[in-house]
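**Q** Sharing a structure with you now.
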Amino acid sequence: MAIVTLHLSTVKAYTENRPSGCPHCGSGLLQRWGGATKPVRDTQIRTAMIYRYRCVACRRTFRHYPEGLSRADQSLRLLQLAAIGWTLGLSLRGMSAILSAFGVTLAHMTVWRDAQAIAKSVKPDLSRRKVRVLGVDGFYTRLKGKPQGTLLAVDLGSGQTLALAQIEESDTQAVAEWLQPLVDQLGVEVIVTDDLASLGVAVEQVNCKRQICRFHALRWIGRTIKELRSQLDEDWQESLDEVQRTVHDMPPDGQRLLYMLKSWTGLEAAFLLCGSALA
Ligand SMILES: [Zn+2]
């Protein structure tokens, strides 16, 4: 079973270096212009020291933020955590509850805005990285009582969340339009999705290979076995149990076991399903 690790950004309470240049004009001649502590919403730090600098060339001042922090009250790590919460299917309210376990109070509307901010905050990086295998998943959040379709793109190599968009996964055209720039910029060859047909069509439109996520494949097989259970009589139930067990545990000789089951039972449909899951 593939495990996707989502790395959380490091968050520092102090800057460890001087800014490399003025954000306005690029000049490297900078004077420190005082500093102040700022309360921060994060899983570990509560306050951060932010220094101001003044550019000698253009005379404008700016704040230099420590790693993982920005003008926003929340740290980058907290934003990422919120996005991960959604990928696990948590509601906005559920995510607020989890964050409160870290001593962080966040209204659920704020959580929602943060997740949207992630897509923007990772954009500058996209030109420099290569992502061969992209994971795409859709999920629903409830916003003002209405279900809201959301799509998330994850680099399955590093586990990094790359983009988040408010798109219904059934809207093939919108999904393809969202995927195309990601595929072009990142050099994506394979897109891992669930078994939803419309996502498959979108993946084809952007000329990528599609792989069905094992998690979703298992869910799909589970549904089929359940269907077979209701259609077949009692004599078959034990064989179905065996198929289900084999697919779930994935023993090294799983394919052979399923082949034997097929020979004994003639349960062709189940064999085909499970064989593809184990391949
Ligand atoms: Zn300047």
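Residue-wise test of (1) in contact with a Ser or Thr (Cβ under 6 Å, 6 or more places away or on another chain); (2) within 13 Å of the ligand (Cβ to nearest atom).
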{"residue": "Ser9", "(1), (2)": "no, no"}
{"residue": "Gly26", "(1), (2)": "no, yes"}
{"residue": "Gly34", "(1), (2)": "no, no"}
{"residue": "Thr43", "(1), (2)": "no, no"}
{"residue": "Ala48", "(1), (2)": "no, no"}
{"residue": "Arg60", "(1), (2)": "no, yes"}
{"residue": "Gly68", "(1), (2)": "yes, no"}
{"residue": "Ala72", "(1), (2)": "no, no"}
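**Q** Looking only at residues that are without any contact (Cβ under 8 Å) to a residue 40 or more places away in the chain and under 14 Å from Asp137 (Cβ atoms) in segment 171-202, which one is surrounded by the fewest Cβ atoms within 10 Å (Cβ to Cβ)?
**A** Filtering first and then ranking leaves Asp195.
**Q** Tally time: how many residues in segment 223-247 are modelled with pLDDT under 75 and surrounded by fewer than 14 Cβ atoms within 10 Å (Cβ to Cβ)?
**A** Count: 1.
**Q** If the Cβ limit is 8 Å and pairs must be 6+ apart or interchain, which residue in segment 12-38 that is assigned by TED's automatic domain parsing to the domain that holds Met49 and without any contact (Cβ under 8 Å) to a residue 12 or more places away in the chain pairs with which residue that is aromatic (Phe, Trp, Tyr) and within 11 Å of the ligand (Cβ to nearest atom)?
**A** Filtered contacts from segment 12-38: no entries.
The values are calculated or read from the model by the stated rules, or taken from the named source; none is laboratory data. Model, not experiment: these values are computed from the prediction. Counting neighbours? That spans all protein chains shown, and the Cβs are built from the backbone with ideal geometry, glycine included.
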